[in-house]
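Q: The structure under discussion is supplied below as structure tokens; questions concerning it will follow.
The values are calculated or read from the model by the stated rules, or taken from the named source; none is laboratory data. From a predicted model like this one, the values you see are computed outputs, not experimental measurements. Every residue, glycine as well, gets a Cβ built from its backbone with ideal geometry; the counts of neighbours run over all protein chains shown. Only protein heavy atoms, including side chains, enter the accessible area calculation; ligands, DNA and RNA are left aside. Shrake-Rupley method; radii C 1.70, N 1.55, O 1.52, S 1.80 Å.
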Amino acid sequence: MEGEDHLAFERNKAEFDVDAMKIVWAGSAHALEVSDRMSRLVASDPAFRKDHRPMLGRKELFKSTLKKAAYAWKRIIELRLTEEEASMLRSFVDEPAFTDLHWGMFIPAIKGQGTEEQQQKWLPLAQRMQIIGCYAQTELGHGSNVQGLETTATFDPKTDEFVIHSPTLTSSKWWPGGLGKVSTHAVVYARLITDGRDHGVHGFIVQLRSLDDHLPLPGITVGDIGMKFGNGAYNTMDNGVLRFEHVRIPRDQMLMRVSQVTREGKYVQSNVPRQLVYGTMVYVRQTIVSDASTAMSRAVCIAARYSAVRRQFGGNNGSLESQVIDYKTQQARLFPLLASAYAFRFVGEWLKWLYTDVMKRLQANDFSTLPEAHACTAGLKSLTTSATSDGIEECRKLCGGHGYLCSSGLPELFAVYVPTCTYEGDNIVLLLQVARHLMKVISRLGSGKKPVGTTAYMGRVEQLLEARSDVQKAEDWLNPNTVLRAFEARAARMSVACAKNLTKFSNPEEGFQELLADLVDAARAHCQLIVVSK
């Protein structure tokens, strides 16, 4: 596909993208204007073509994405795009790339955990892409269990340096995007050790490759971990492995906004609340929830258009066969996914407000809303990404055999999206964190302190446990309050049942382990209530 044919193809793709974005940016004229302009900018430029992507091998695929990422940066500079416009342009390029972790994790980590001096030193270099960073937290042996990370950072007071080391095979950093071939630097999470004492996991800025010849620095073993699931998808990304052999870095490359190590090797806490560290995590997870709406919208747009065009059965005496979308079974599968795209958009906007509110409170040393913010972002990240992954697959099925073609856009969309169920917290593990929060809320009900925020309904738990359905006819379900009461009653009953069963165990933790499946269901019901209420 070359020349005018290619540009026509990409213009059609741009129109689809804008239609999908209209679902998720409904009500925001500015965002729609930016998305329309950026999508057409990408679609009209042959350098961003993607119709040939399914036919490329891994090496060619990665080179192609590397060129596009570099070209996108060139255009961002030439056009003097704002941060919002640049982010939108990269999203329409529509290929996972090393820039994702640079802008999405490396820079936010320095902003959130670095001192003012560290930010002044490192952020200009990163924002001009004079250095390229990644986020090296997950290890071969530990992902969700961050406290179990094995990489060490031992302070040497003789040289005023930290010694970064990978003591075991399982301590190898594994999965960071951009690490395999591109990144020059990383925010590395390691166990801080001073004078033989382990102070837990902290972040460190570590240079990985020479800025002259891009070769790995002494003591650093780094490489690409190979092919991932799907055709294209995350195979455009150089997810990597990283090992350290007693690599020394200056003391001031520890991210020291919250805690520091002095020249003498003393570990001290700053006057900045440690809880501020959670701000980056809350921010990333609320972004994932918003992105769930975008991905679901794209899949639904494809399936809805296909369902309107595809005809099957019913044609008699030469008449047209029936549109697939007219079948009730097709509607029953498709329309709830369309509703979910809107619902995830609304709850994503609410999470943005929650994040802003929480950060303001943290700056004022008010930590009262942090537990709920953590529970909300953890639970909604789990709920929306699982539902969206399943929804994309359902949209593929709704397109029949044609949905299985790479040209439908659905196989790669699924392969790109499904990792969200794992990264930034395994979805089941996150639901169990929500469950712990709910059990704490229920345990405090007798204290006279009323639950607030998304658990406020627990303050009416006795009423909800006795509630009976007031639905007399199908039309009653069109009343939002009826739906809300039903979700409240279900969530309350499931959580209270778990809490009662936990009291039967002499060891609470043993009981929690025994009731994991029920606790996951209760947490999921609570998260569904949050979505319905927003």
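Q: Using bins 10 angstrom wide from zero, how does P(r) for the stretch 281-407 break down, in % of all Cα pairs?
A: 13, 34, 23, 16, 9, 4, 1, 0
Q: Let me ask something additional. How large is the translational diffusion coefficient of the stretch 445-534 in µm² per second when you combine the Kirkwood radius over alpha carbon pairs with Stokes-Einstein at 25 °C and 0.890 mPa s?
A: It diffuses with D of about 171 µm²/s by this estimate.
Q: Percent antiparallel among DSSP beta bridges with both residues in the chain, to the nearest 5?
A: In the chain, DSSP labels about 80 percent of beta bridges as antiparallel.
Q: Counting only protein heavy atoms, what percent of the accessible surface of the stretch 96-236 is carbon or sulfur at a 1.4 Å probe?
A: Exposed carbon and sulfur together represent 54 percent of the surface.
Q: Find the relative contact order for the chain and round it to a whole percent, using C-alpha pairs within less than 8 Å whose residues are 6+ positions apart.
A: Averaging sequence separation for qualifying contacts and normalising by length gives 12 percent for the chain.
Q: Please report how far the C-alpha centroid of the stretch 371-440 lies from that of the stretch 336-355, rounded to the nearest whole angstrom.
A: Distance between centres, Cα-based: 14 Å.
Q: Next question. Let me check something: with ligands and nucleic acids excluded, how do ASP212, ASP252, ASP390 order by accessible area (1.4 Å probe), largest to smallest?
A: Ranked list, largest accessible area first: ASP212, ASP390, ASP252.
Q: With a cut-off of 8 Å between alpha carbons and a minimum separation of six or more residues, what is the relative contact order of the stretch 328-426 in percent?
A: 25
Q: Determine Rg/Rh for the stretch 192-287; Rg is computed over alpha-carbon atoms and Rh is the Kirkwood hydrodynamic estimate from the same atoms.
A: When Rh is taken as the Kirkwood radius, the ratio is 1.05.
Q: Hey, what D do you get for the stretch 73-174 in µm²/s if you plug the Kirkwood alpha-carbon radius into Stokes-Einstein at 20 °C and 1.002 mPa s?
A: It comes out at roughly 133 µm²/s.
Q: Continuing with the same structure: Using a 1.4 Å probe, how large is the accessible area of CYS301, given in Å² and rounded to the nearest 10?
A: Solvent-accessible area, nearest 10 Å²: 20 Å².
Q: Then there's this: Quick one: divide the alpha-carbon radius of gyration of the stretch 104-269 by 2.2 N^0.38 Å and tell me what you get.
A: This ratio for the stretch 104-269 stands at 1.00.
Q: Tell me the label-point distance for the pair GLU60, ASP518, using the 7 Å Cα-to-Cβ offset, in nm and rounded to one decimal.
A: With each label point 7 Å from Cα toward Cβ, the separation is 5.7 nm.
Q: Okay, next question. Percent of Cα-Cα pairs per 20 Å bin, from 0 to the last occupied bin, for the chain, please list those.
A: Calculated over all Cα pairs of the chain, the distribution is 19, 51, 27, 3, 0 percent.
Q: Please report the accessible area of TYR327 (heavy atoms, 1.4 Å probe, ligands and nucleic acids excluded) in Å², nearest 10.
A: Counting only protein heavy atoms, TYR327 exposes about 80 Å² to solvent.
Q: Okay, moving on. Taking a 1.4 Å probe, which of THR294, THR384, THR356, THR221 shows the most accessible area, and what order do the others take after it?
A: Ranking THR294, THR384, THR356, THR221 by accessible area, largest first, yields THR221, THR356, THR294, THR384.
Q: Another question, then. Provide the solvent-accessible area of VAL268, counting protein heavy atoms only and rolling a 1.4 Å probe, rounded to the nearest 10 Å².
A: My reading of the accessible area for VAL268 is about 40 Å².
Q: While we're looking at this one, here's another question. Equivalent-ellipsoid semi-axes (√(5λ), Cα gyration tensor) for the stretch 26-95, whole Å, largest first?
A: After diagonalising the Cα gyration tensor, the semi-axes are 24, 14, 9 Å.
Q: Order VAL272, VAL34 by their accessible area, 1.4 angstrom probe, all chains in place, largest first.
A: VAL272, VAL34
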